[in-house]
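The values are calculated or read from the model by the stated rules, or taken from the named source; none is laboratory data. None of the values given here were measured: they were computed from a predicted structure.
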Amino acid sequence: MDMTPNPPAELAEPPSAPGATAQPVHVPALPEVQLPEQKGCLYALSQPPLMFFLAFIAVLLGITGAHDLFLG
């Protein structure tokens with residue numbers, strides 16, 4: 001079994017670039033669209049029910065961490 005790499009292909013003449021001679025096409029610019037400002041993740045984090053839930057989870061993690069550290 002021959003394991004030598006294949007030689008590079010040699011072309012008789014380089015390929016022509018048909019797009020190089022074409023004239024550029026002018027496309028008119030689209031008008032600016034004013035999108036309403038969307039409220040993202042920071043808005044969701046400021047909601048009181050979510051903050052109460054996250055505080056409750058943080059207290060539970062703090063209590064279990066302190067229990068494991070001092071009484072474990």
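Just one of the listed residues (Gly19, Gly62) is under 35 Å from the mean Cα position of the chain (by Cα) and at pLDDT below 65, and it is Gly19.
Restricting the range 22-59 to residues that are among the aliphatic types (A, V, I, L, M) and in a loop (DSSP other than H, G, I, E, B), the residue that is modelled with the lowest pLDDT is Ala22.
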